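One structure below.
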Amino acid sequence: MKGQEWYQADDIAEEYDDKRFSRGGQLIDRREKEAVLDAIMPIEDRKILEIACGTGRFTVMLADQGADVVGLDISAAMLQQGRRKAQNAELEGTLDFLRGDAGRLPFPDDHFDTVVAMRFFHLADDPEAFLQEMRRVSRDQIVFDTFNRFSTRSVYNWALPMGSRLYSKSEVAVLLAKTNLTLVDVEDDFLLPYGLYRSIPNALASPLRALDEAIGEFSVSDHLASVSYWNTRVR
């Protein structure tokens, strides 16, 4: 995994949500959560693993919706932030945080209904191996996102602290075939790069987002979208 050292630092974990999901970044947070909820519904009583759960944005949300969730991450500092969020929430389901390696998941085969991996594949050195491991522990569904090769993401990719792996649709299709996953649905979004939304206040971000969504209604824009949300089923 790229950037492990950077990602595990205490100060990075403490500032992570504020830097990425405040100001205009709230629009990103809202859209990503919507994509996960849409893919997994109905959620109640579902047994879910989130890989690279970070500060628990999705794990807490899913447990709040009634799922039994395990959040796994390599960073103890990130997990601590997630535990604080969980303590402040009245959860309908259950939530456990576990430190571990996504390449060697400490669970038996077919242990979860759904495995979620958001903001993960752009850091993966060996995406096929990671996807195979997710496939091993899931008996039904895998949900993940990728950043797209032919998008504005490539313009500022070099500026990120650890860089990102970008994917074409055909590359993801090959990954799914190799790991015996069937594509149920894919949603493409954000013609404008994430970095732009994070750097401006909501008053500016909201009209830009409205324009982004309007242009995104045209199918030709799918190939230019920054991110794709993949909903797949285990064969």
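The values are calculated or read from the model by the stated rules, or taken from the named source; none is laboratory data. In this text, all values refer to a predicted model and were calculated from it rather than measured experimentally. FYI the Cβ positions are ideal-geometry reconstructions off the backbone, even for glycines, and counts take in every protein chain you see. Just the protein is used for accessible areas: all its heavy atoms, side chains included, with ligands, DNA and RNA removed. Shrake-Rupley method; radii C 1.70, N 1.55, O 1.52, S 1.80 Å.
Some points to look at:
- Some residue of segment 105-112 being open to solvent by less than 30 Å² (accessible area, probe 1.4 Å) and not in a loop (DSSP other than H, G, I, E, B): yes
- Scanning segment 151-169 for residues being modelled with pLDDT of 90 or more and open to solvent by less than 40 Å² (accessible area, probe 1.4 Å) gives a total of 3.
- Whenever a residue of segment 21-33 is farther than 14 Å from residue 227 by Cα, its partners that are among the β-branched types (Val, Ile, Thr) and open to solvent by less than 30 Å² (accessible area, probe 1.4 Å), lying with C-beta atoms within less than 8 angstrom and at least six residues away or across chains, give the pairs 21/28; 23/200; 24/200.
- Qualifying residue in segment 34-53 (condition: modelled with pLDDT under 95, part of a helix (DSSP H, G or I) and within 21 Å of residue 124 (Cβ to Cβ)): no
- Among residues of segment 71-89 being touching a helix residue (DSSP H, G or I) at 6+ places or on another chain (Cβ under 8 Å) and either part of a strand (DSSP E or B) or aromatic (Phe, Trp, Tyr) (or both), the one that is surrounded by the fewest Cβ atoms within 10 Å (Cβ to Cβ) is 73.
- Condition met for residue 101 (in a loop (DSSP other than H, G, I, E, B) and either open to solvent by 40 Å² or more (accessible area, probe 1.4 Å) or closer than 17 Å to residue 137 by Cα (or both)): yes
- Matching option when the condition is closer than 15 Å to residue 68 by Cβ and out of contact with any His (no Cβ under 9 Å at 6 or more places or on another chain), among 123, 131, 95: 95
- For segment 199-232, filtered to residues that are of a type outside the set (A, V, I, L, M) and within 17 Å of the chain's Cα centre (by Cα), the residue that is surrounded by the fewest Cβ atoms within 10 Å (Cβ to Cβ) is 231.
- Selection status of residue 115, among the hydrophobic types (A, V, I, L, M, F, W, C) and open to solvent by less than 10 Å² (accessible area, probe 1.4 Å): yes
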